[in-house]
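To start, the structure itself, in structure tokens.
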Amino acid sequence: MIKRIIPYYIKVRLHLTKRIVLSVINGQYFFFAKKKHHLNSLTNTLKLQQELKPNEAKMKNLLIAIKYIESIQINPNEIFSFWHTIGNPSKSKGFVKSRSLVNGNLKDSLGGGLCQLSGLIYYISLYANLEILERHSHSVDIYTDETRFTPLGSDATVAYGYKDLKIRNNLKGPIRFSFLIEEKYLIINLMHSSLIKKNKVEFRENEIDKETVEVDTLINNELVNRSKYKRLVPNNAYSA
């Protein structure tokens with residue numbers, strides 16, 4: 001009953017404070033990558049692209065978030081945190097409402113559409129075999145085989161104050177993420193100072209029942225993650 005009467009913004013503040021305290025206790029907070037005044041010249045690139053079907057609102061959110069992400073260089077042993085980098089996706093920063101998946105339902109929310117960025121960052125980090133400290137899958141698979149633009153299991157949902165994407169640079173040199181939007185594609189580049197081996201990444205689906213699917217994520221045939229999703233009924237599947 002008390003939770004229902006607490007305003008949403010206060011709930012977010014409380015969860016955010018809790019997360020900050022925990023990150024201080026476990027030592028991660030002191031290793032979060034920050035905006036650098038000088039960025040190293042990184043000549044090697046690992047590239048990945050996804051189909052992009054943006055509306056005007058989603059495109060605006062993506063472009064704002066990309067500016068924050070591209071200003072961050074992650075040095076060895078530093079941690080990329082999606083929300084530590086972008087901060088609160090508020091109106092004052094220019095973010096607008098766009099469609100996103102919230103508690104298993106599609107609805108408009110501030111910063112909607114940013115999960116495609118976090119998902120791409122997670123996906124390419126798997127190829128580079130970076131250390132994934134925190135990643136959350138969506139609870140519901142909102143796509144059909146016809147509308148899916150990325151493998152099930154390669155997603156990484158983010159919710160400010162609640163769910164983050166955290167990746168540690170376990171390589172010997174600095175890295176950066178950069179993006180390019182070309183026609184119907186969103187391209188991510190993982191830039192690095194020395195050649196990164198592109199590891200073998202697989203997503204193996206296992207049907208639990210008619211409504212539930214489990215996905216094993218493997219890097220070089222080694223299990224690194226297991227995600228579980230509820231299937232949407234066909235009439236509610238996401239198509240754009």
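The values are calculated or read from the model by the stated rules, or taken from the named source; none is laboratory data. Remember, it's a predicted structure, so these values are computed and weren't measured experimentally. Cβ sites come from the backbone with ideal geometry, for glycine too, and all protein chains shown count toward neighbours.
Can you tell me which residues in the range 49-93 are more than 18 Å from Leu16 (Cβ to Cβ), of a type in the set (S, T, N, Q) and either not assigned by TED's automatic domain parsing to the domain that holds Phe179 or not in a loop (DSSP other than H, G, I, E, B) (or both)? The answer is Gln49, Gln50, Asn61. Of the residues making up the range 114-132, at least one is in a strand (DSSP E or B), surrounded by fewer than 22 Cβ atoms within 10 Å (Cβ to Cβ), assigned by TED's automatic domain parsing to the domain that holds Ile188 and modelled with pLDDT of 95 or more. Is there a residue being among the acidic types (Asp, Glu) and at pLDDT 95 or above anywhere in the range 75-96? Yes, there is a match, as at least one residue in the range 75-96 is among the acidic types (Asp, Glu) and at pLDDT 95 or above. For the range 170-208, the tally of residues that are polar (S, T, N, Q) and closer than 23 Å to Gln50 by Cβ stands at 3.
When Ser41, Ser23, Ser81 are checked against the criterion of being hydroxyl-bearing (Ser, Thr, Tyr) and within 19 Å of Gly173 (Cβ to Cβ), a single residue qualifies: Ser41.
The sole residue among Asp164, Asp216 that is touching a Phe, Trp or Tyr at 6+ places or on another chain (Cβ under 9 Å), among the acidic types (Asp, Glu), surrounded by fewer than 17 Cβ atoms within 10 Å (Cβ to Cβ) and modelled with pLDDT of 95 or more is Asp216. Every condition in (1) assigned to a helix (DSSP H, G or I); (2) crowded, with 16+ Cβ neighbours inside 10 Å; (3) touching a Lys or Arg at 6+ places or on another chain (Cβ under 8 Å) holds for Leu46 except the one numbered (1). Of everything in the range 73-101 that's hydrophobic (A, V, I, L, M, F, W, C) and in contact with a strand residue (DSSP E or B) (Cβ under 6 Å, 6 or more places away or on another chain), which residue is nearest to Ile142 (Cα to Cα)? Filtering the range 73-101 for residues that are hydrophobic (A, V, I, L, M, F, W, C) and in contact with a strand residue (DSSP E or B) (Cβ under 6 Å, 6 or more places away or on another chain), the one nearest to Ile142 (Cα to Cα) comes out as Phe95. Being of a type in the set (Ser, Thr, Tyr) and not assigned by TED's automatic domain parsing to the domain that holds Ile86, is that true of even one residue in the range 203-221? Checking the range 203-221: at least one residue is of a type in the set (Ser, Thr, Tyr) and not assigned by TED's automatic domain parsing to the domain that holds Ile86.
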